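What follows is a short report on a single structure.
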Amino acid sequence: MRVSHRRATVCCLTALSFSLVALTGCSSAGDGQADATAPATSATSSASADEAAPTTAPDGGADPDGTASSAGAAPWAGTKQFVQIDDARTDDGRTYLSVRTAEKNPHPRFDAWVITPGEGPYTEVPMAEDVKVLLSVPLGDEQRAASYSQAEFVSRLTARSDSPRQLLGFDLSFDGEGRVTRLKSLPTP
């Protein structure tokens, strides 16, 4: 009986040892290797900005104290965002946009979008020199988005009063430094 009791004890200790080795192996893999096998969670959307819901910064681009993030902080670097643009300005040859996140929903009767304004402060972001600007009505001339220069975009946006600007929505793509590399206005009724 003592031999069978020892065998049971040895089996239990062996199983416990393997369990501990497995657990310690898992915990040391948690230093970076486990993350590689976990599903990727990224602010960058794999779907096109035309058809996907916006990917937003957790705080809408605001610092924890609620103030707007500085342009140097690159709040949306490497992401795609759906935003409202409150203002645009050019300084020393670079264009800056004052943006905040918003929501878009397909219009129930027209081939257009309904824009739900965001809340919170606007954040100033720079545009890249080689940004692709695509505008559609009412900011552009056509229902389908067409290419415009940065200067044309700024003049068309700033020519509108504040109230109509709140009805406009834009899909923006940002590079790794937080500069806008693609801007596309969405058609609204």
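The values are calculated or read from the model by the stated rules, or taken from the named source; none is laboratory data. Computed from a predicted model, the values in this text were never measured in an experiment. Backbone-built Cβ (ideal geometry, glycine too); neighbour counts: all protein chains shown. Please note that ligands, DNA and RNA were not included when accessible areas were found on the heavy atoms of the full protein model with its side chains. Shrake-Rupley method; radii C 1.70, N 1.55, O 1.52, S 1.80 Å.
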Going through (1) crowded, with 19+ Cβ neighbours inside 10 Å; (2) polar (S, T, N, Q); (3) at pLDDT 95 or above one by one, Thr188 fails only at (3)
When you go through (1) under 19 Å from Ala102 (Cβ atoms); (2) part of a helix (DSSP H, G or I); (3) of a type in the set (Gly, Ala, Ser) one by one for Ser173, which number turns out not to apply? (2)
Mind checking which residues of segment 125-150 are of a type in the set (Asp, Glu) and over 25 Å from Gly78 (Cβ atoms)? Asp141, Glu142
Please identify the pairs in which a residue from segment 79-100 that is closer than 9 Å to Tyr122 by Cα and open to solvent by 10 Å² or more (accessible area, probe 1.4 Å) has its Cβ atom under 7 Å from the Cβ atom of a residue that is of a type outside the set (S, T, N, Q) and assigned to a strand (DSSP E or B), counting only partners at least 6 apart or on another chain. Ser98/Ile85; Ser98/Asp86; Ser98/Asp87; Ser98/Glu124; Arg100/Val83
Could you tell me which of the residues Phe174, Phe153 is of a type in the set (Phe, Trp, Tyr), modelled with pLDDT of 95 or more and under 18 Å from the mean Cα position of the chain (by Cα)? Phe174
